[in-house]
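Report on one structure; see the data block that follows.
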Amino acid sequence: MELEVRHLRALCAIADAGSLHKAARQLGVSQPSLTTQLRRIERALDGELFLRERTGCRPTPFGRTVLGRARPLLAEMAALVAEARALSQGPRLRIGSTASRALPGWLRRLHRRLPDTETDLMVDVSANALLRMTASGRLDVAFVHEVEGSPLRVPDGLELRVLMEREPQFVSMSRDHPAAALAVVELRDLAADRWTVDPSVDGEWDGLRRVLAGAGLDPPLLHADYHTAASLIVSGEAVAPCQPTSGPREDMAIRPLSGDPLAVRLLLATRPGVHAQMSEGVYEDLRAAYREAALETPPYRAWLRRNASPLLAV
């Protein structure tokens, strides 16, 4: 078997994700398929690339050597493709983002600012994956969040601007949950609940576990994607952290947590080479869109006022 670009991409995905399960989700393939592919690559290279452990995978010394050669090749290939597409398609702004209610307003403002520029949007649950894509030239900018206490792996060369130094994370629960009657919820009010998180969201699992442990709580944690989690919450089977800009729902209550123990930092990453004036405009449009989304959400608007957030300044 001859090595191809897709094989190198699979190896880097496994190394970055730390497990075959997470890497398979990011690549859009099944775990058994990725496991078989890894075995074929190892046979082709005649050496073991990863140690399979109970907690995941980590590169062997031989694997680190191969990865050290693979990453620059992938970056060069991505840059080649990006430059070729830019030359053939005219002005284009490629945006990456984790999920956010600010996205529609951001795109609307960008279209108004750059009417002759085509805009591509990629939404991914993994902030680290978006940062890698930005560094390699596949994206121009990426709007990501960094869970407090779980730093992102920021590639060299990216320009980072902070949109919110500390965005509080609220909690979502069923409408008939006893704590839904409260304006602000204490963690101890949720001591009897199960929590649900998406393990593919970088840092969320570790961040939540750390905060709950600090409060002396050790509840069952359920792994679920966004849509499954929503069903669990509505049915009263679990509660979950959520963005403070999350809109109201008839079947779900969203409340701030006392003392804001859960938080993220909101960042805009820009690849090297993006014109400074464009970068500034993209950031200002994002800030305005985020402010709009925040002020449309009464609980978050109240939180911003209580904390005299600079986001309220026009």
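The values are calculated or read from the model by the stated rules, or taken from the named source; none is laboratory data. Computed from a prediction, not measured in an experiment: that's the story for all the values here. Because the Cβ atoms are built from the backbone with ideal geometry, glycine has one as well, and the counts that use them run over all protein chains shown. In case anyone asks, the SASA skips ligands and DNA or RNA and just uses the protein heavy atoms, side chains included. Shrake-Rupley method; radii C 1.70, N 1.55, O 1.52, S 1.80 Å.
Data for the structure
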| item | result |
| --- | --- |
| Mean-position separation - Cα centroids, the stretch 280-314 and the stretch 218-266, in angstrom | 21 |
| Among beta bridges that DSSP assigns inside the chain, antiparallel share in %, nearest 5 | 65 |
| Accessible area in the full protein assembly, largest first, 1.4 Å probe, for L221, L286, L158 | L221, L158, L286 |
| Spin-label pair R305/A276, simplified geometry with 7 Å Cα→Cβ offset, distance in nm | 3.9 |
| Over the stretch 8-73, equivalent-ellipsoid semi-axes from the Cα gyration tensor in Å | 17, 13, 12 |
| Cα gyration tensor, the stretch 172-314 - rounded (a/c under 1.5), prolate or oblate | prolate |
| Heavy-atom surface of the chain, accessible at 1.4 Å and reported per residue (Å²) | 51 |
| Cα gyration tensor, the stretch 196-235 - rounded (a/c under 1.5), prolate or oblate | oblate |
| Per-bin percent of Cα-Cα distances, the stretch 237-314 [10 Å] | 14, 41, 28, 13, 2 |
| Low-density loop cleavage sites - GluC sites (Glu not before Pro) in the stretch 145-225, where at most 15 other Cβ are within 10 Å (DSSP) | E186 |
| Radius of gyration and maximum dimension Dmax of the stretch 178-252, Cα, Å | 12.2, 32 |
| Quarter of the Cα convex hull surface for the stretch 123-232, i.e. its orientation-mean projected area (nm²) | 8.1 |
| Three semi-axes of the equivalent ellipsoid, the chain, Cα gyration tensor, whole Å, largest first | 35, 28, 15 |
| Nearest-20 debye value, the stretch 1-97 charge dipole, Cβ charges on Lys, Arg, Asp, Glu | 300 |
| Within the accessible area of the chain (1.4 Å probe), percent carbon and sulfur | 52 |
| Order by protection proxy (mean Cβ within 10 Å, highest first), peptides 115-123, 18-26 | 18-26, 115-123 |
| Over the stretch 108-175, volume per residue of the alpha carbon convex hull, in Å³ | 154 |
| Cα-Cα separations in the stretch 7-118 greater than 20 Å, expressed as whole percent | 56 |
| Cβ-defined net charge surrounding A17, 13 Å radius [Lys, Arg +1; Asp, Glu -1] | +3 |
| Helix-derived mean residue ellipticity, 222 nm - over the chain, DSSP H n ≥ 4, -39500 (n - 2.57), to 500 | -13500 deg cm²/dmol |
| Cα centroid separation - the stretch 1-69 against the stretch 130-197, whole Å | 28 |
